[in-house]
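The values are calculated or read from the model by the stated rules, or taken from the named source; none is laboratory data. No experiment lies behind these values; they were computed from the predicted model shown. With ideal geometry, Cβ positions are generated from the backbone for all residues, glycine too; neighbour counts draw on all protein chains shown.
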Amino acid sequence: MLRHVCIWIVYSSLVLSFASFAQKPQVVALQYHHVATNTPAVTSVTPEVFREHMEYLNEHHTVIRLKDALEAIQQGNQLPQNAIAITFDDGYLNILENGHPILAEFNFPYTVFINPLSIAQRRDQLNWEQLKEMQPLADFANHTLDHLHLLQRENDETQQAWLNRVMQNILEAEDILEQRLGYSYRWLAYPFGEYNEALQAALAKEGFVGFGQQSGVISAHSDFTALPRFPSSGRYANLDTLKVKMAAISMPVARVNPSDNQRELHSKLDALTIELLPGQDDLRVDAFACFFGGERIVPNVDGNKLTIALNHQFKAGRARVNCTAPSRSQASRFYWHSVPFFTPTEKGIYLD
């Protein structure tokens, strides 16, 4: 009898150890653009499908303000294990017309990243009075003044001149938001999800939190200059696949090599390495899998270091390596991490 009790105690301790990381504060951020039927399909979700998403969240998750989630994570406070934050990029009028009534029905808070120079200037954009109407459910944050490609340089522009120009754009946008709305979160959602190390460092120096468009979950070990969000529109709007992402766990990544996401045209990348933080027993490294260009790649595992063979030559556009690994303690839940890459054309143009 005593032997059975001891075995049970050891087993329970192992389960708790395995589960400990998976239960640390984290939030899954969903990213939307349009809630409409007459807008580009790739960035749209219909009101009917959006309602399905919200009904599922209402039954299975806890939707919280992005501000509350970030503060809890940064301060080490607890969050619901199934916490979700809802975000939109671009201040489209259809968010108010079609999305807000559904969100209000469930009393779900959400965040809209806007371009101040577009507000009230285009027929498909919100105006400043409508932004106030959407409060207190909606928070608003920076998406640059005019939705520019942040990595794109002007003719004969030096690296420093480029960085000065884009940072001025971001800071001016933040000033307008503060004047118009009365608050400033110093959050930036990168247009098109594009960023590089120089821009990340400049943002950090100015006290900004950056948000990308790559997949993953936000937790204390995330890079707060490039926080992940799960795209939830277009081909990513399917609720069956989105459910898996909503239940994802933040992968404990210590570092990635190469560390810069900006790639030169025709440059070659033989392999990507991901080093995990030590002591992550809940993550099944033996079942680690990455996906790139529609292909599944099983990485080479050496302790906490994983090497993903890519043998890839970059073309103009955006690309991502998505990696997952199942949890030992929580059935049907996956650790998730995504590494994006951004490549210009021969003329240095970044594609929409």
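Numbers at a glance
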{"read-out": "Considering residues of segment 247-284 that are without any contact (Cβ under 8 Å) to a residue 60 or more places away in the chain and of a type in the set (Asp, Glu) only, the residue surrounded by the fewest Cβ atoms within 10 Å (Cβ to Cβ)", "value": "Asp270"}
{"read-out": "Test: Leu306 is in contact with an Asp or Glu (Cβ under 8 Å, 6 or more places away or on another chain), under 27 Å from Gln26 (Cα atoms), touching a residue at least 24 places away in the same chain (Cβ under 8 Å) and assigned by TED's automatic domain parsing to the domain that holds Ala271", "value": "yes"}
{"read-out": "Unique match (being of a type outside the set (A, V, I, L, M), surrounded by 21 or more Cβ atoms within 10 Å (Cβ to Cβ) and outside any strand (DSSP E or B)) among Tyr183, Tyr195", "value": "Tyr195"}
{"read-out": "Test for Pro101: is it modelled with pLDDT of 95 or more and touching an Asp or Glu at 6+ places or on another chain (Cβ under 9 Å)", "value": "no"}
{"read-out": "Matching residues, segment 262-311, being farther than 14 Å from Pro252 by Cα and among the acidic types (Asp, Glu)", "value": "Glu264, Asp270, Asp286, Glu295, Asp302"}
{"read-out": "Given (1) in contact with a Phe, Trp or Tyr (Cβ under 8 Å, 6 or more places away or on another chain); (2) within 20 Å of Lys24 (Cα to Cα); (3) surrounded by 17 or more Cβ atoms within 10 Å (Cβ to Cβ), index of the condition Val244 fails", "value": "(3)"}
{"read-out": "Inter-residue pairs, beta-carbon under 6 Å, first within 20 Å of Phe224 (Cα to Cα) and at pLDDT 95 or above and in segment 173-191, second of a type in the set (Asp, Glu) and assigned to a helix (DSSP H, G or I), 6+ apart", "value": "Ser184/Glu174; Ser184/Glu178"}
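Let's see how each residue does on (1) over 18 Å from Met246 (Cβ atoms); (2) in contact with a Ser or Thr (Cβ under 6 Å, 6 or more places away or on another chain); (3) assigned to a strand (DSSP E or B):
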position: Leu30; (1), (2), (3): no, yes, yes
position: Thr37; (1), (2), (3): yes, yes, no
position: His53; (1), (2), (3): no, no, no
position: Glu59; (1), (2), (3): no, no, no
position: Gln81; (1), (2), (3): no, no, no
position: Ile95; (1), (2), (3): yes, no, no
